[in-house]
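Here the structure is laid out as C-alpha cells; the discussion comes afterwards.
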Amino acid sequence: MGAEWQALASLWLRTDTTLVRSGRTDLTFKEIHQLSIPDEWKQWMFVKAMHTDASCPSETFRKVFTDYLNGLPPSTHKVGGTAMDQAWSRPGRTGVIGLLLCLYWQAVYSGAGKDWHANVKHVESIFNAILAIPDL
C-alpha cells in the first residue's frame, strides 16, 4: 500500500501510545454494542474481545466506511476539536487501530480507489488532532 500507508501506520503508533495516557481502556461488550460505527468494525471488536478470528468485510465496505468518515462531525478532524468525544479514541483493540483496520479492509477487500486516499487523509487528520491535545 506504499509510503502513504507506512506513514499513517507510524502516525497511528504515536497516537496509540499517546492515548495510553488518557487512562481509557478497551470498551466492554455493552459499550461496543452501543457504538454507531460500521457493523464490520463492530463485529471485529467483538471477536477481538473474545480472542477469536474475524471474518472479511463485504465488497460494499468501501462505501460504508467512507460514508462513516464523512458523517463524523467536522470538528473530529481538527486540532482542538472533538476527536476524543469518539468512543474509539482510545488505545488497544477497541481503539484507533480500528481506523487502520478499516482502511486496510478497504484496500484489500473493497478496492482502494480515490475513496481510500481521501480516507487516509481523514484518518491522518484525526490522529493529528489527538496528538495535538495538550493534556495527553
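Points to keep in mind about this one:
- Average projection, convex hull of the Cα set of the chain: 7.6 square nanometres.
- For the listed residue pairs K63/K121; K42/K121; K30/K63, the alpha carbons are over 20 angstrom apart in K42/K121; K30/K63.
- Taking every Cα-Cα distance in the range 35-112 and sorting them into 5 Å bins from zero, the calculated P(r) comes out as 3, 15, 25, 26, 18, 10, 3, 0 percent.
- Two-site FRET efficiency, A118 against M1, from Cβ-Cβ distance with R₀ of 22 Å, rounded to 0.05: 0.90
- Taking 0.36 nm per residue of separation and subtracting the current Cα-Cα distance, fully stretching the chain between S58 and R93 would add 10.5 nm.
- Loop-located GluC sites (Glu not before Pro) in the range 1-69, at most 13 other Cβ atoms within 10 Å (DSSP): E59
- Residue-averaged 222 nm ellipticity for the chain, from DSSP H runs of 4+ at -39500 (n - 2.57), nearest 500: -18500 deg cm²/dmol
- Rounded accessible area of W88 (nearest 10 Å², 1.4 Å probe): 0
The values are calculated or read from the model by the stated rules, or taken from the named source; none is laboratory data. Predicted, not measured: the structure shown is a model, and the values here were computed from it. In this analysis, Cβ positions are derived from the backbone assuming ideal geometry, glycine residues included, and neighbour counts consider all displayed protein chains. The area values use the complete protein model at the heavy-atom level, side chains included, leaving out ligands, DNA and RNA. Shrake-Rupley method; radii C 1.70, N 1.55, O 1.52, S 1.80 Å.
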